[in-house]
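A.B. asks: One structure follows; several queries about it will come next.
The values are calculated or read from the model by the stated rules, or taken from the named source; none is laboratory data. Everything quoted here is computed from the prediction, not taken from an experiment. Every residue, glycine among them, receives a Cβ derived from its backbone with ideal geometry; neighbour counts consider all protein chains shown. What goes into the accessible areas is simple: the full protein's heavy atoms, side chains included, and nothing from ligands, DNA or RNA. Shrake-Rupley method; radii C 1.70, N 1.55, O 1.52, S 1.80 Å.
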Amino acid sequence: EPLTFLETVMRLYTKTYPEIQILPEYDFIVVGSGPGGAAVTNRLSEVKNWKVLLMESGGEQIPFSEWPLIVSYFQLTSFNWGYRAEKQPGQCQAMVKQRCRWPRGKGMGGSSVLNYMIYTRGTPRDYDRWAAMGNPGWSYDEVYPYFLKIENMTIPELRNSPHHSTTGYVPVGYNPYKSQVVDAFLESSKYVNQSTIDYNQPENYLGFSRIQATTRNGKRVSSYHAYIEPVRNRPNLHISLNSQVTRVLIDSESKKAYGVEFVKNGKKRIVFARKEIILSAGAINTPHILMHSGVGPREHLESFKIKVERDLPVGENLQDHITMAGLAFTHNTTELFNYNTMLAQAFTMMYNISKGGGMGSIPGGVEGIGFVQTKYNTDPSYPDIEFIFAIGSLAADSGHTVRRGMGITDECYNQAYKHLEQKNTWTIWPMLLLPKSRGRILLGSRNPLKAPLLYGNYFQDESDLWTLVEGIKMAVNLSRTEPFQRIGSKLNPVPLPGCKQYEFESDDYWACTARQITATVHHMSGTCRMGINEDGTTVVDNELRVHGIKNLRVADASVMPILIAAHPMAPIYMIGEKCADMIKDTWSQGENKVEIR
Ligand SMILES: Cc1cc2nc3c(=O)[nH]c(=O)nc-3n(C[C@H](O)[C@H](O)[C@H](O)COP(=O)(O)OP(=O)(O)OC[C@H]3O[C@@H](n4cnc5c(N)ncnc54)[C@H](O)[C@@H]3O)c2cc1C
């Protein structure tokens, strides 16, 4: 397999650290090094007299993953857990076996190593809704200071803005490279009654912008780079890589979590926690671990003969952002962006691994985003579609990575996109921001090393389908505005093979394409929903403590009661930061009071 070979070569460049002998017991154990877990780990290990263990299933992050342009390549490597959603009617029909691919990052930095680096906080309304659902402390005004704490804004015109900060761990900036085509995208905003905005300040939630990305000098900054690497030499912080946590150990009498079981080098082992365990394994794996630990829906756990420690709706309320990823427009600028350019960038990268910049700095070709409202929008304080603008299309890399990452079949690709391979293209992925459909995660086996069953239930609520159709039509209309016409933009006229029976560009045609190329934008969340105990729909309280289980918290995408109307990495950093503060508060007061220094 050439890709496996490439991965092996890439791993040779990886910096390694001496293996640490794991102690039998720590004050805190954090599971997972994505944005949630990395932030918690850093802030807890600030307390010198606390011993903290970070456990991560995968290995070190490799330097090649820092190159934004080749982001989708990493979905084809072992840095991806490689999940596939179950086949369900009316979705993902142009995917191999009609199963959507759900990539999730494995290794230091978690999914922030696979992601497109787009940094969006969301709207004030997102967090005010969380607070209104029984979560004191999570309104926009209350979480806002954390967004400032996280960020190191590098965009010159925003560095002095009162809405930004320059002192956080996470650099946020524009790509150093800007194409001519993104200029057309930004200019087109005014033809659809929008303007260009700083989408991360609270007053503006509708408009277009270049992406604010978590990069430094054109290279990816993952949660590992931001929060762990700078503090890796803290003597009270231990890191155990290649350690897959299989269960949290819970005392059935006291209902206290007191350690974790994990598998490392093929051996099952145990490590104890004196104070707390924090699960940050992401919206798929955190509920998976909880269910194997006896925390989950009673009947479901009992059907696998798992002893129930607490009956909670773990794995339910799954929310995701989806798009129809098949729009492609040709254009006539001279800026060539195809497989050959990408290969050239990859070779430059091999020779000069330490330098960022050039076309290689564009995250998978994504350069701009735009927040808009469809005619179906009932809430004027929200956008319901986000345009994700990219230079290129499914054909730009000659079908080698993006469409393979999505699992699009050869039949669909060859018939509808192959003819575009040598042409200059751009695309918009219209992302459905406020999905009403809810999916779920179930156990597929009693063996915790086996993958769970994943159900997206996309379009379960049909209004999601028609809102997405509106988003697609709005993107096509945008391509017909003056700025895009100036560069000769033309919609790919070849219909998808599975939709030929519909009139091209009719609503039914677009609905069919949405059911064919139903692509996740990878924002799975909500599977350990935060809220009040009594209502039976929630898993953690507003301090992220698992209901009814002591010393166990969740700090990752799973706790979001409702997915924000934007990309989730920024709020997950915020959740991690806030969780660490809540833990510090817990252990500095009352009967638990300990010295914090
Ligand atoms: C392809 C892709 C593109 C994306 N693009 C963007 C974007 O541009 N902007 C944005 O805001 N968001 C984006 N996202 C989403 C964003 O990256 C995730 O929402 C975010 O990283 C989730 O953070 P987390 O801490 O919840 O979990 P993760 O980042 O998934 O981290 C979980 C970590 O836990 C580890 N782990 C899991 N199970 C175990 C176990 N049993 N034992 C030990 N360790 C375990 C994993 O290996 C992983 O390192 C994207 C995601 C993907 C996959």
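A.B. asks: Quick one: count up the residues across segment 98-137 that are of a type outside the set (Asp, Glu) and under 16 Å from Ala565 (Cα atoms).
C.D. replies: Number satisfying all stated conditions: 12.
A.B. asks: Now, a different point. Name the residues in segment 105-122 that are touching a helix residue (DSSP H, G or I) at 6+ places or on another chain (Cβ under 6 Å) and either surrounded by fewer than 20 Cβ atoms within 10 Å (Cβ to Cβ) or assigned to a helix (DSSP H, G or I) (or both), would you?
C.D. replies: Correct list: Ser112 only.
A.B. asks: Considering Pro483, Pro495, which residue is buried (at least 16 other Cβ atoms within 10 Å of the Cβ) and part of a loop (DSSP other than H, G, I, E, B)?
C.D. replies: One residue alone meets the criteria, Pro495.
A.B. asks: So which residues in segment 562-592 are acidic (Asp, Glu) and more than 13 Å from the ligand (Cβ to nearest atom), if there are any at all?
C.D. replies: Answer for segment 562-592, where residues must be acidic (Asp, Glu) and more than 13 Å from the ligand (Cβ to nearest atom): Asp581, Asp585, Glu591.
A.B. asks: Could you list, in sequence order, all residues of segment 550-563 that are crowded, with 24+ Cβ neighbours inside 10 Å and either out of contact with any Phe, Trp or Tyr (no Cβ under 8 Å at 6 or more places or on another chain) or part of a strand (DSSP E or B) (or both)?
C.D. replies: Leu552, Arg553, Val554, Ala555, Asp556, Ala557, Ser558, Val559, Leu563
A.B. asks: Please go through segment 24-41 and pick out each residue that is more than 20 Å from the chain's Cα centre (by Cα), within 16 Å of the ligand (Cβ to nearest atom) and not β-branched (Val, Ile, Thr).
C.D. replies: Once the filter is applied, which keeps residues that are more than 20 Å from the chain's Cα centre (by Cα), within 16 Å of the ligand (Cβ to nearest atom) and not β-branched (Val, Ile, Thr), segment 24-41 yields Tyr26, Phe28.
A.B. asks: List the number of the failed condition for Arg298; all other conditions in (1) in contact (Cβ under 8 Å) with a residue 60 or more places away in the chain; (2) open to solvent by 10 Å² or more (accessible area, probe 1.4 Å) hold.
C.D. replies: Checking Arg298 against (1) in contact (Cβ under 8 Å) with a residue 60 or more places away in the chain; (2) open to solvent by 10 Å² or more (accessible area, probe 1.4 Å), the one that fails is (1).
A.B. asks: So, in segment 259-281, exactly how many residues are open to solvent by 70 Å² or more (accessible area, probe 1.4 Å) and either part of a strand (DSSP E or B) or in contact (Cβ under 8 Å) with a residue 12 or more places away in the chain (or both)?
C.D. replies: Residues in segment 259-281 being open to solvent by 70 Å² or more (accessible area, probe 1.4 Å) and either part of a strand (DSSP E or B) or in contact (Cβ under 8 Å) with a residue 12 or more places away in the chain (or both): 7 in total.
A.B. asks: Still on this structure: What number goes with the only condition from (1) on the phi > 0 side of the Ramachandran plot; (2) away from the ligand (no atom under 14 Å from the Cβ); (3) of a type in the set (S, T, N, Q) that Ser303 does not pass?
C.D. replies: The number of the failed condition is (1).
A.B. asks: Looking for whichever is touching a helix residue (DSSP H, G or I) at 6+ places or on another chain (Cβ under 7 Å) and either more than 16 Å from the ligand (Cβ to nearest atom) or not hydrophobic (A, V, I, L, M, F, W, C) (or both) here; the options are Gln61, Gln21. Which one fits?
C.D. replies: Gln61
A.B. asks: Only residues that are open to solvent by 10 Å² or more (accessible area, probe 1.4 Å), part of a helix (DSSP H, G or I) and at pLDDT below 90: list them for segment 1-42, please.
C.D. replies: Pro2, Leu3, Thr4, Phe5, Leu6, Glu7, Thr8, Val9, Arg11
A.B. asks: Let me ask you something else. Can you tell me which residue within segment 231-246, out of those that are assigned to a loop (DSSP other than H, G, I, E, B) and on the phi < 0 side of the Ramachandran plot, is farthest from the ligand (Cβ to nearest atom)?
C.D. replies: Looking at residues that are assigned to a loop (DSSP other than H, G, I, E, B) and on the phi < 0 side of the Ramachandran plot, I get Pro235.
A.B. asks: Select from segment 498-526 the residues that are outside any loop (DSSP other than H, G, I, E, B), within 16 Å of Tyr417 (Cα to Cα) and open to solvent by 20 Å² or more (accessible area, probe 1.4 Å) and write down the one among them that is nearest to the ligand (Cβ to nearest atom).
C.D. replies: Gln516
A.B. asks: Could you look through segment 74-93, keep only residues that are away from the ligand (no atom under 11 Å from the Cβ) and not in a loop (DSSP other than H, G, I, E, B), and pick out the one that is surrounded by the most Cβ atoms within 10 Å (Cβ to Cβ)?
C.D. replies: Leu76
A.B. asks: Report whether or not Lys418 is within 15 Å of the ligand (Cβ to nearest atom), more than 19 Å from Tyr509 (Cβ to Cβ) and open to solvent by 50 Å² or more (accessible area, probe 1.4 Å).
C.D. replies: No, not satisfied.
A.B. asks: For segment 355-390, how many residues meet the condition of being farther than 24 Å from Tyr191 by Cα and part of a loop (DSSP other than H, G, I, E, B)?
C.D. replies: Going through segment 355-390 one residue at a time, the tally reaches 5.
A.B. asks: Also, quick follow-up: Which members of segment 233-246 meet the condition of being open to solvent by 40 Å² or more (accessible area, probe 1.4 Å) and closer than 30 Å to Asn152 by Cβ?
C.D. replies: Across segment 233-246, the qualifying residues are Asn233, Arg234, Pro235.
A.B. asks: Suppose the filter is touching an Asp or Glu at 6+ places or on another chain (Cβ under 9 Å), open to solvent by less than 10 Å² (accessible area, probe 1.4 Å), modelled with pLDDT of 95 or more and under 27 Å from Asp27 (Cβ atoms); does Trp102 pass it?
C.D. replies: No, not satisfied.
A.B. asks: Quick check on segment 247-258. Is at least one of its residues open to solvent by 30 Å² or more (accessible area, probe 1.4 Å), within 15 Å of the ligand (Cβ to nearest atom) and in contact with a helix residue (DSSP H, G or I) (Cβ under 7 Å, 6 or more places away or on another chain)?
C.D. replies: Yes, because at least one residue in segment 247-258 is open to solvent by 30 Å² or more (accessible area, probe 1.4 Å), within 15 Å of the ligand (Cβ to nearest atom) and in contact with a helix residue (DSSP H, G or I) (Cβ under 7 Å, 6 or more places away or on another chain).
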